[in-house]
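Scroll down for the structure; my scribbles are underneath it.
Every number in this text was worked out from the coordinates using simple rules, so none of it is lab data. Given the structure is predicted, the values throughout are model-derived calculations rather than measurements. Positions of Cβ are backbone-derived with ideal geometry, glycine not excepted, and every protein chain shown enters the neighbour counts.
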């Protein structure tokens, strides 16, 4: 019974001393975030004073990494929820200062993937609509769309949906940078505008070796030469060939297996753009 009483007395004395210290000291400045991600380590600091000593402590789901006796400290979130970080600065002949801040510890975040979906398809000169497709779909962040020459953005380029006025003469590419709220991570997507069949069939698709591009009707498209470009997902032309109705096969066997875009150009005008799977 006597030992229990002594233990309670010591505990009471320590708590009283701690509370008295914080009630007697002035407030320190504390620099650092008000929230951190689970398993993330962030740095906090207080104002310096020549010859002063420092002591940092944490509660809840926070843990100090390394030293806790300098003017700055590294703190890691170890449990989702909240915790406190406290600092005391003291020096003989000077008033001590102390401060505590509550820190929110967020669950781990997931950086989303992003792709671009076009709907509906249209012909040259139509207004085309493009949508950002996020995975997971509830990811939050900001959008920044860019369109190459051949397309003109209608309205804002910072929404999830983009409207583009297409040229009657040229195709265009679309790029999207999505800045996720998960650690401000940026993810990118790229695509080429696709148009409805305007007189050509591209087959087979998927293809492993030869690609056939031929007119669907007997008109000027069937008799005039045209060029075919195979473009990768970074917008780089990987293959370009001049073809006509009698010589309409293109060898793609040396291209790596991937998703490509095929663009048919005649007299400087984009006649058709479509996706191609090389396998």
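The simple Förster model, with R0 at 51 Å and r as the Cβ-Cβ distance, assigns residue 31 and residue 123 a FRET efficiency of 0.30. Counting neighbouring Cβ atoms within 10 Å and putting the fewest first, the residues 276, 192 line up as 276, 192. Using the Cα gyration tensor of segment 149-279, with a ≥ b ≥ c the square roots of its eigenvalues, what is the shape: rounded (a/c below 1.5), prolate (a/b larger than b/c) or oblate (neither)? Oblate, because a/c is 1.5 or more while a/b does not exceed b/c. Across the chain, C-alpha contacts under 8 Å between residues 6 or more apart give a mean separation that, scaled by the residue count, equals a relative contact order of 12 percent. Its DSSP H runs of at least 4 residues, each contributing -39,500 (n - 2.57), put the calculated 222 nm mean residue ellipticity of the chain at -3000 deg cm²/dmol, to the nearest 500. Once both labels are positioned 7 Å from their Cα atoms along Cα-to-Cβ, the gap between residue 63 and residue 131 label points is 4.4 nm.
Can you give the extra length, in nm with one decimal, that the chain gains between residue 146 and residue 201 once fully stretched, where that is 0.36 nm per residue apart less the Cα-Cα distance?
Length difference between fully extended and current span is 16.9 nm.
Counting beta carbons within 10 Å around each of 30, 196, 134, 211 and listing the fewest first gives the order 196, 30, 134, 211. Is the C-alpha gyration tensor of the chain telling us rounded, prolate or oblate? Criteria: a/c under 1.5 is rounded; beyond that, a/b larger than b/c is prolate, otherwise oblate. The shape class here is prolate. Residues considered: 189, 132, 52. Largest GNM mean-square fluctuation over the chain, using C-alpha springs under 10 Å, is found at 52.
Work out, step by step, the length gained on full extension between residue 277 and residue 40: first 0.36 nm times the residue separation, then minus their alpha carbon distance; give nm to one decimal. Don't skip to the end; give the middle numbers.
Numbers: separation 237, 0.36 × 237 = 85.32 nm, distance 4.06 nm.
Using 0.36 nm per residue and subtracting the Cα-Cα distance, I get 81.3 nm.
Multiplying the residue separation of residue 165 and residue 224 by 0.36 nm and removing their Cα-Cα distance gives an extension gain of 18.5 nm. If you plug the beta carbon distance of residue 181 and residue 95 into 1/(1 + (r/R0)^6) with R0 = 25 Å, you get a FRET efficiency near 0.05.
Let's test the formula: R0 of 25 Å, r as the Cβ-Cβ distance of residue 79 and residue 188. What FRET efficiency results, to the nearest 0.05? Efficiency, rounded to the nearest 0.05: 0.15. Roughly how tilted is helix 2-24, in degrees to the nearest 10 and between 0 and 90, from the longest Cα axis of the chain? Relative to the chain, helix 2-24 is tipped by roughly 70 degrees.
Exposure proxy ranking for 55, 190, 130, based on other Cβ atoms within 10 angstrom of each Cβ and starting from the fewest, stands as 55, 190, 130.
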